[in-house]
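Can you read through this structure? Questions will come right after.
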2 protein chains.
Amino acid sequence: MTLDAGLLFASDSRTNAGVDHISTFCKMSVFEAPGERAIVLLNSGNLATTQTVISTLRKAIGSERPNLMTSGGLFDCAALVGEATRSVIAHHAGQQAQAGSVDFSCSFLVGGQIAGERPRLFLVYPEGNFIEATDDTPYFQIGESKYGKPIIDRVIKPSTPVDEALKCALVSFDSTMRSNLSVGLPLDIALVRPNAMRVTFRHRVDVGDAYFGSLRQGWSQGLRRVFNELPSPDWLQLD
Amino acid sequence: MTLDAGLLFASDSRTNAGVDHISTFCKMSVFEAPGERAIVLLNSGNLATTQTVISTLRKAIGSERPNLMTSGGLFDCAALVGEATRSVIAHHAGQQAQAGSVDFSCSFLVGGQIAGERPRLFLVYPEGNFIEATDDTPYFQIGESKYGKPIIDRVIKPSTPVDEALKCALVSFDSTMRSNLSVGLPLDIALVRPNAMRVTFRHRVDVGDAYFGSLRQGWSQGLRRVFNELPSPDWLQLD
């Protein structure tokens, strides 16, 4: 989410290769030079692809090659992530006799701030191209996004305060986790405040998080209360 | 929805073949012999396929062939719908040089009651096979289902009264219509009460429906109120 008060990131950590192979992997990667740049990557999709992309991006750091720690702006970072993604997917898909049978694709969110620029957020597609969030569309989701989208659409504007936006992100994940087994705890949270040039706040929400537990319960009970208070259709005839 | 108080059906009526080709088609078909049987079909997916399937099913009525008005039970009706679906899809897909480029698939819900049986509800897949709703899973959705699923999961049980279930279906459609352009008004509603052997109630919800308008507004305001009342994360540190 691109808020006036900062960039707010949230990711779950469940991966699955069928219901027999469910495990936990953090989907948030931080590239940071405090005072100069703070970049957060979130990934969804094929885990082998995303791990290879991130390893490739990390290996380039310190080399002569263009990389996330030397690029002049966040647009260039998104382009680097896109190029790495496209290249890894093409490599794996090209080696398959039946390329269609495995989905190697993945998506990335690339957000943060580099000294001299405003905070920016990009969504990078498996094809390597990307789009940037604007005031009209101040947030992006990747992965299993539909169940949790309605509440974000209702709440998030650039002017939304961080605490309210974070509450919204957690309610959104709650909806998704209730309806879809491929999304699960723990949730990773990161905040990059404007002009801080560092990750201002990080937190991991796991099963024992008392606040998240009470939020889920309060939201569930509140939804039921609102639902129960709404009138029944006046045109319904039961006989 | 399979409720103790009856089978409740709801469908939207938007179809699209790209954003330039949006039109309105009812996705609900009724096959009824009052006092003996009442069968409701809902369809999603490729419109050419679903129209051909329904025309095929209607043409069979009055002939010697097995059909929806003579079948001994609703299981056989689901099998007829499945066989017609599989056959139409195979016909169209088989005629294409590039079969993969067009999605001819569709799904059906087949519900109702035939004299001598209890009320039953089936979901028929594009492959022609089908599953039946049970007390554990008393509802099915087809088409664009994710946005609207969470509220149904929270509310619907077999014991849910009809007016509450209908309110839930309308709230569910509201969520979907807010987030997805491929679902739109009018909504068609049908109710088949147990042992009535007829469609007990039908209604079309269109733009001017005052109740639906107030429901959408009440739900939206209620959600915001509940959301605003929930506490912010106590572990969030902004500096």
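Could you pull the copy-to-copy label distances for A:Gly218, with points set 7 Å along Cα to Cβ, in nm to one decimal and sorted shortest first?
When each copy's label point is compared with this one, the spacings are 2.5 nm.
Among A:Tyr211, A:Tyr147, A:Tyr125, which one shows the biggest mean-square fluctuation in a GNM of chain A, springs joining Cα atoms closer than 10 Å?
Of the options given, A:Tyr211 has the highest mean-square fluctuation.
Quick check for me: using +1 on Lys/Arg Cβ and -1 on Asp/Glu Cβ, what's the dipole size of the range B:129-239 about its Cα centre, in debye to the nearest 20? Present the calculation step by step, with values, prior to reporting the outcome.
Values: 13 positive and 14 negative charges, 77 e Å.
So the magnitude is around 380 debye.
May I pose another question? Given label points at 7 Å from Cα along Cα→Cβ, what nm distances, shortest first, separate A:Glu229 from the same residue in every other copy?
So the distances to the same position in the other copies read 0.6 nm.
At a Förster distance of 22 Å, what's the computed FRET efficiency of A:Asp135 paired with A:Asn195, Cβ-Cβ distance as r, to 0.05? Mind dumping the intermediate values first?
Details: r = 18 Å, r/R0 = 0.84.
It comes out at approximately 0.75.
For the range A:2-227, just the Cα set please: Rg and Dmax, both in angstrom.
When restricted to the Cα atoms of the range A:2-227, Rg and Dmax are 17.8, 60 Å.
I'd like the orientation of helix B:162-179 relative to chain B: the angle between its Cα long axis and the longest Cα principal axis, in ° from 0 to 90, rounded to 10.
For B:162-179 against chain B, the angle is about 80 degrees.
Return the subset of A:Lys157/B:Lys167; A:Lys149/B:Lys167; A:Lys157/B:Lys149; A:Lys27/A:Lys149 for which the Cα-Cα distance in this structure is over 27 Å, preserving the input order.
The pairs that break the limit, which is 27 Å between Cα atoms, are A:Lys157/B:Lys167.
Which net charge results for the neighbourhood of B:Leu166, defined as the other residues with beta-carbon distances under 14 angstrom from its beta-carbon, given Lys and Arg at +1 and Asp and Glu at -1? Before the final figure, lay out the partial values.
On the way: positive: B:Lys167, B:Arg193, B:Arg202, B:Arg204; negative: A:Asp234, B:Asp163, B:Glu164, B:Asp174, B:Asp188, B:Asp209.
That sum, taken over residues with Cβ under 14 Å, equals -2.
Let me ask something else about it. Using Cα centres only, tell me the gap between the range B:3-23 and the range B:217-239 in whole Å.
Spelled out, the Cα-based centre of one part sits 32 Å from the other.
A follow-up question, please. Pairing the Cα long axis of helix A:210-229 with the longest principal axis of chain A, what angle in degrees results, from 0 to 90 and rounded to the nearest 10?
Around 40 degrees separate the two axes.
For chain B, modelled as a GNM with alpha-carbon contacts under 10 angstrom, which of B:Thr85, B:Thr50, B:Thr137 fluctuates the most?
Highest fluctuation of the listed residues: B:Thr137.
Along the charge dipole of the range A:2-227, pointing to its positive end and built from +1/-1 on Cβ of Lys, Arg, Asp and Glu, which listed residue (A:Thr50, A:Ser13, A:Pro186) has its Cα farthest out?
A:Pro186
Which residue is it, in chain A, that holds its beta carbon closest to the axis of the A-onto-B rotation, and how many whole angstrom away?
With distances in whole Å, chain A gives A:Lys146, 2.
A:Met197: net charge of surrounding residues, Cβ under 11 Å, Lys/Arg +1, Asp/Glu -1, itself excluded?
Numbers: positive: A:Arg37, A:Arg193, A:Arg198; negative: A:Glu32, A:Glu36, A:Glu117.
Counting the neighbours of A:Met197, the net charge comes to 0.
Separate question: Taking A:Lys59 in one copy and the same position in all the others, each labelled 7 Å out along Cα→Cβ, what are the pairwise distances from the first, in nm, shortest first?
When each copy's label point is compared with this one, the spacings are 6.0 nm.
Additional query: Roughly how many whole Å is it from the C-alpha centroid of the range B:45-113 to that of the range A:144-196?
Going from one Cα centre to the other spans 41 Å.
First select every other residue whose beta carbon is under 15 angstrom from the beta carbon of A:Phe212; then total the charges, Lys and Arg +1, Asp and Glu -1.
Details: positive: A:Lys167, A:Arg178, A:Arg204, A:Arg216; negative: A:Asp12, A:Asp163, A:Asp174, A:Asp188, A:Asp206, A:Asp209, B:Asp234.
That sum, taken over residues with Cβ under 15 Å, equals -3.
Using only the Cα atoms, work out Rg/Rh for the protein assembly as shown, with Rh taken as the Kirkwood radius, to two decimals.
Values: Rg = 25.3 Å, Rh = 24.9 Å.
On the Cα set of the protein assembly as shown, Rg over Rh gives 1.02.
What is the magnitude of the charge dipole of the protein assembly as shown about its Cα centre, with +1 placed on the Cβ of each Lys and Arg, -1 on the Cβ of each Asp and Glu, and no other charges, expressed in debye to the nearest 20? Kindly include the intermediate steps, with their values, before the conclusion.
Details: 44 positive and 50 negative charges, 3 e Å.
Computed about the Cα centre, the dipole is about 20 debye.
Okay, next question. Find the relative contact order for chain B and round it to a whole percent, using C-alpha pairs within less than 8 Å whose residues are 6+ positions apart. Kindly include the intermediate steps, with their values, before the conclusion.
On the way: 414 pairs, mean separation 62.6, N = 239.
Computed over chain B, the figure is 26 percent.
How far, in degrees from 0 to 90, does helix B:74-94 lean away from the longest principal axis of the Cα atoms of chain B, to the nearest 10?
In chain B, helix B:74-94 runs at an angle near 90 degrees to the longest axis.
Provide the percentage of antiparallel DSSP beta bridges, counting only those with both residues in chain B; round to the nearest 5.
Details: 38 of 38 bridges.
Around 100 percent of the beta bridges assigned by DSSP in chain B are antiparallel ones.
Rule-based calculations on the coordinates, nothing more; no lab input. These numbers come from a predicted model, not from an experiment. Virtual Cβ from ideal backbone geometry, glycine too; neighbours counted across all protein chains shown.
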